[in-house]
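The values are calculated or read from the model by the stated rules, or taken from the named source; none is laboratory data. Predicted model only: the values in this text are computed from it and were never measured. With ideal geometry, Cβ positions are generated from the backbone for all residues, glycine too; neighbour counts draw on all protein chains shown. Please note that ligands, DNA and RNA were not included when accessible areas were found on the heavy atoms of the full protein model with its side chains. Shrake-Rupley method; radii C 1.70, N 1.55, O 1.52, S 1.80 Å.
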Amino acid sequence: MRILLAFIALCTGYIVGPGTVMGQPRESVSISVGLAIESSIEIETISNINLGRIQPGQGEVFIDPKSDPGAGLLKLSGRPDALIRISFAERRELIRVGGGGVIQFLYLLAGSTRDEQSTSDLIQLENRDLRMGRSGEYFIWVGGTVSLDGVVFGQYEGEFTIEIDYL
Amino acid sequence: MKHYLFVVSCLSLVVSSTLVQAQEIPFGSYYTGAPISLFTIRDLDFGTIVAGDIKERTLGSGDEAVLELEGIPYLDVIVTITAPDYVYLDGDDLCVLPACRIPLTLNYAYTNNLELTDQIGSAILFATSTVRFPIQRRVTGPPMPPPDPFLGSVTYPSAAAYIYIYGSLTSSISSSAGDYQNTITVTVEYF
């Protein structure tokens with residue numbers, strides 16, 4: 001019987017012994033995981049650019065985005081007072097409908113928190129970070145310059161792509 | 001006869017234990033007073049997105065979370081990461097709807113080759129929430145002899161290893177606008 005008890009103790013020591021070391025130094029820290037979801041920005045085209053009727057021999061057309069009624073108008077809707085960044089390709093091609101001609105359009109933009117073109121400011125490289133209005137709206141007028149030297153008579157179409165990001 | 005049966009039973013326990021586990025010595029248990037520290041260098045900030053987008057933070061991007069671990073170079077540490085499955089709108093972890101929680105997928109890595117922060121060229125990836133490694137990577141070959149015992153007032157040698165946490169968040173089109181948060185807990189101890 002004595003031998004049996006000693007053997008039980010020995011077995012118990014083998015089974016329980018490893019893995020139960022107490023008192024080692026231990027450190028814990030917590031790190032935060034964060035993400036912000038912004039409400040999306042809606043872009044609505046209120047009006048397209050209208051170059052008007054071009055006279056024969058006219059070398060260039062200029063649409064002033066700050067004042068010309070032919071400027072296109074985009075309306076942005078998003079989070080009130082949010083900082084946004086506007087990116088766009090300044091130079092795009094207009095393609096002649098039916099083929100046979102390409103002209104280069106150099107875009108100019110002007111923006112305002114109010115739907116009043118006269119209150120708009122030019123959006124240039126150095127001020128492309130803008131702030132939405134208190135109502136969550138921002139208005140962008142799209143104009144630009146197109147050279148008509150050597151251009152084939154006809155109808156030309158093209159796209160203007162603008163990218164808006166929250167900052 | 002009954003006595004003999006019990007002896008056989010005990011022997012089988014001892015033998016099976018020996019077979020499935022290699023001999024390891026938890027040296028950390030002999031360093032109960034040794035310092036070990038862990039602190040956050042950078043949290044895991046996924047920035048700002050629009051609902052429906054996926055946002056990823058990759059290892060080496062400079063945006064992944066980084067923790068610095070300092071301790072005795074030749075000792076192994078066990079790192080345990082307790083990570084949530086979601087981040088919650090305004091931290092409200094009672095939410096169960098896609099509108100107020102976003103699934104979180106995490107990956108982990110460490111460097112222990114005396115690299116500096118964000119030097120991840122030789123980072124070792126691990127997928128599990130628990131990993132064991134020496135604070136300073138050992139050279140290949142037989143282990144070095146153990147150091148001399150520390151006597152009296154000692155200054156322990158120290159080295160730094162780094163733990164990196166990165167991954168992705170997949171929002172849904174129904175995710176509500178706002179701030180989503182949660183917490184990852186990292187625990188480290190000597191083995």
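Can you tell me which condition residue A:137 does not meet? The list is (1) within 20 Å of residue A:80 (Cβ to Cβ); (2) free of Cβ contacts under 8 Å to residues at least 60 places away in the same chain; (3) open to solvent by 30 Å² or more (accessible area, probe 1.4 Å); (4) not basic (Lys, Arg), and all the others hold.
Going through the list (1) within 20 Å of residue A:80 (Cβ to Cβ); (2) free of Cβ contacts under 8 Å to residues at least 60 places away in the same chain; (3) open to solvent by 30 Å² or more (accessible area, probe 1.4 Å); (4) not basic (Lys, Arg), residue A:137 breaks only (2).
Looking only at residues that are under 17 Å from residue A:28 (Cβ atoms) and open to solvent by 40 Å² or more (accessible area, probe 1.4 Å) in region B:26-52, which one is farthest from the other protein chains (Cβ to nearest Cβ)?
Checking each candidate, the answer is B:41.
Among (1) over 23 Å from the mean Cα position of the chain (by Cα); (2) within 14 Å of chain A (Cβ to nearest Cβ); (3) not hydroxyl-bearing (Ser, Thr, Tyr), there is one condition residue B:94 misses while meeting the rest; what is its number?
Evaluating residue B:94 over (1) over 23 Å from the mean Cα position of the chain (by Cα); (2) within 14 Å of chain A (Cβ to nearest Cβ); (3) not hydroxyl-bearing (Ser, Thr, Tyr) leaves (2) as the failure.
Looking at region B:168-191, can you tell me whether even one residue there is within 11 Å of chain A (Cβ to nearest Cβ), among the aromatic types (Phe, Trp, Tyr), over 12 Å from the mean Cα position of the chain (by Cα) and part of a loop (DSSP other than H, G, I, E, B)?
yes
Every residue in region A:65-80 that is open to solvent by 70 Å² or more (accessible area, probe 1.4 Å) and closer than 16 Å to residue A:111 by Cα, please.
Here is the first cut: in region A:65-80, the ones open to solvent by 70 Å² or more (accessible area, probe 1.4 Å) are A:66-67, A:69, A:79.
A:66, A:67, A:69, listed by residue number.
Output the residue which, of all residues in region B:81-121 that are among the hydroxyl-bearing types (Ser, Thr, Tyr) and crowded, with 16+ Cβ neighbours inside 10 Å, is farthest from residue B:171 (Cα to Cα).
Start the filter on region B:81-121 by keeping residues that are among the hydroxyl-bearing types (Ser, Thr, Tyr), which leaves B:82, B:86, B:88, B:105, B:108, B:110-111, B:117.
Subset that is crowded, with 16+ Cβ neighbours inside 10 Å: B:86, B:88, B:108, B:110-111.
Values: B:86: 10, B:88: 11, B:108: 21, B:110: 28, B:111: 31 Å.
Checking each candidate, the answer is B:111.
Restricting to region B:114-141, name every residue that is polar (S, T, N, Q), at pLDDT 90 or above and in a loop (DSSP other than H, G, I, E, B). Outline the logic, then answer.
So in region B:114-141, the residues polar (S, T, N, Q) come out as B:117, B:119, B:122, B:128-130, B:136, B:140.
Imposing the further condition that a residue be at pLDDT 90 or above reduces the set to B:117, B:119, B:122, B:130, B:136.
Passing the criteria: B:117, B:119, B:122, B:136.
What do you reckon, is residue B:155 closer than 22 Å to residue B:80 by Cβ, away from chain A (no Cβ under 13 Å) and modelled with pLDDT under 90? Before you say what the answer is, go through the steps one by one.
Values: closer than 22 Å to residue B:80 by Cβ: no; away from chain A (no Cβ under 13 Å): yes; modelled with pLDDT under 90: yes.
Answer is no for this residue.
Take region B:103-113 and flag every residue that is outside any strand (DSSP E or B) and either in contact with a Pro (Cβ under 9 Å, 6 or more places away or on another chain) or under 20 Å from residue B:48 (Cα atoms) (or both).
Initial filter on region B:103-113 (outside any strand (DSSP E or B)): B:112-113.
The answer is B:112, and nothing else.
Do any strands (runs of 3 or more DSSP E) lying entirely in region B:34-102 carry at least 1 residues that are in contact (Cβ under 8 Å) with a residue 12 or more places away in the chain, touching a Pro at 6+ places or on another chain (Cβ under 7 Å) and closer than 20 Å to residue A:35 by Cβ, and which ones are they? Spell out how you get there, then give the answer.
On the way: elements: B:37-42, B:44-50, B:54-57, B:65-71, B:76-82, B:86-89.
Counting at least 1 such residues, we get B:86-89.
Do the conditions hold for residue A:83, that is, is it at pLDDT below 90 and under 26 Å from the mean Cα position of the chain (by Cα)?
Working: at pLDDT below 90: yes; under 26 Å from the mean Cα position of the chain (by Cα): yes.
Judged against the criteria, residue A:83 is a match.
Since residue B:28 meets every condition but one in (1) under 15 Å from residue B:185 (Cα atoms); (2) at pLDDT below 95, which condition does it not meet?
Against the list (1) under 15 Å from residue B:185 (Cα atoms); (2) at pLDDT below 95, residue B:28 comes up short only on (1).
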